[in-house]
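Read the structure below first, then the notes.
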Amino acid sequence: IKKTGILEFVNNELNMEDIGGLENLKRWLRKRNKSWLESAQLYGLPSPKGVLITGVPGCGKSLISKSISEMWQLPLLRLDIGKIFSGIVGSSEENMRKAIQTAEAIAPSILWIDEIEKGFSGINSTGDGGTSSRIFGQFLTWMQEKEKPVFVIATANNISSLPPEMLRKGRFDEIFFVDLPTHRERIDIFRVHLKKRLKAQEVIGEFDISDYNLEYLAELTEGFVGAEIEQVVINGLFEAYYEDRSVRLSDFEKVCKQFIPLSVTQAEQIK
Ligand code: ATP
């Protein structure tokens, strides 16, 4: 199943400090851990199922999914739901069964289903008997009945196309919506990326990561997602590289003013 690319181990050392904002989700995750996964029932708690994280692309859904592995010190398996569907009758179910078995064999573990809507969008509640609805039924039954401590993280850009059964209370422990970052969150995201990249800069920077500078950059980036803020940092550093000097606030300022975030492009299209 590894050879087919359906399931892969995700090895990374990402931790919560690499993520700006998303405080509610981080808090929720920090209150839980490996032993909750293994012994929730001893405390009279329902057995853990997982979280569904949805929202705007580029805001850190994948980032936070990867970082749970480091936080809880558990292996993380990424399931490519699109690849489950093999085209050969019966094989898709077999693929799903094997993926589940693998996650259970290494439990306690985390199973990350990225872009879950790719596999399950548009399935109606009665089910049309097609492959996707059978796999969906198989997945829901497993979620409902699973005894092994496998924590599911499902990420989705758009949950409106997901079957309502998946969103019903009791399926996931919690559903989080990740929105465009607020001013405060943009400051945090700038801090994460500037710290990381300025450290690598060999030239002693003139740029200082002061609250004052971060506040200003956050003001210039309303409507930007985390991935776009990272791009602003990279483009700003490139301005300095191009002139073979250390980076200045004015480099980032220039880039911010020229950059048109996707949220603005989309709003223009709707008008
Ligand atoms: P998609 O749905 O398009 O996969 P996503 O919400 O999963 O998007 P990520 O893949 O996590 O977004 O983000 C892309 C990159 O943008 C990250 O690798 C990271 O460098 C940067 N980024 C996004 N959000 C944040 C954040 N909150 N803090 C720090 N960096 C961020």
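The values are calculated or read from the model by the stated rules, or taken from the named source; none is laboratory data. Small disclaimer: the values here were computed from a predicted structure and weren't measured. In this analysis, Cβ positions are derived from the backbone assuming ideal geometry, glycine residues included, and neighbour counts consider all displayed protein chains. Accessible surface is based on the protein model in full, side chains and every heavy atom, while ligands, DNA and RNA are left aside. Shrake-Rupley method; radii C 1.70, N 1.55, O 1.52, S 1.80 Å.
The residue pairs whose first member lies in the stretch 176-199 and is outside any strand (DSSP E or B), whose second member is acidic (Asp, Glu) and away from the ligand (no atom under 11 Å from the Cβ), and whose beta carbons are closer than 9 Å, counting only pairs six or more residues apart or on different chains, are Leu180/Glu222; His183/Glu215; His183/Glu219; His183/Glu222; Arg186/Glu219; Arg186/Glu222; Ile187/Asp211; Ile187/Glu215.
Across the stretch 18-37, not a single residue is classified as open to solvent by 70 Å² or more (accessible area, probe 1.4 Å) and among the hydroxyl-bearing types (Ser, Thr, Tyr). Annotation: Leu37 fulfils all but one of (1) in a helix (DSSP H, G or I); (2) away from the ligand (no atom under 16 Å from the Cβ); (3) in contact (Cβ under 8 Å) with a residue 12 or more places away in the chain; (4) under 24 Å from Thr4 (Cβ atoms); the unmet one is (4). Apart from one condition, Phe151 fits all of (1) in contact with a helix residue (DSSP H, G or I) (Cβ under 8 Å, 6 or more places away or on another chain); (2) open to solvent by less than 30 Å² (accessible area, probe 1.4 Å); (3) free of Cβ contacts under 8 Å to residues at least 40 places away in the same chain; (4) not basic (Lys, Arg); the exception is (3). Residues in the stretch 73-104 that are within 17 Å of the chain's Cα centre (by Cα) and either at pLDDT 95 or above or of a type in the set (A, V, I, L, M) (or both): Leu74, Pro75, Leu76, Leu77, Arg78, Leu79, Ile81. Which one is nearest to Arg134 (Cα to Cα), of the residues in the stretch 70-96 that are of a type in the set (A, V, I, L, M) and touching a strand residue (DSSP E or B) at 6+ places or on another chain (Cβ under 8 Å)? Checked the stretch 70-96; the qualifying residue nearest to Arg134 (Cα to Cα) is Ile81.
Within the span defined as the stretch 173-191, one or more residues are away from the ligand (no atom under 16 Å from the Cβ), under 23 Å from Ile116 (Cα atoms) and within 21 Å of the chain's Cα centre (by Cα).
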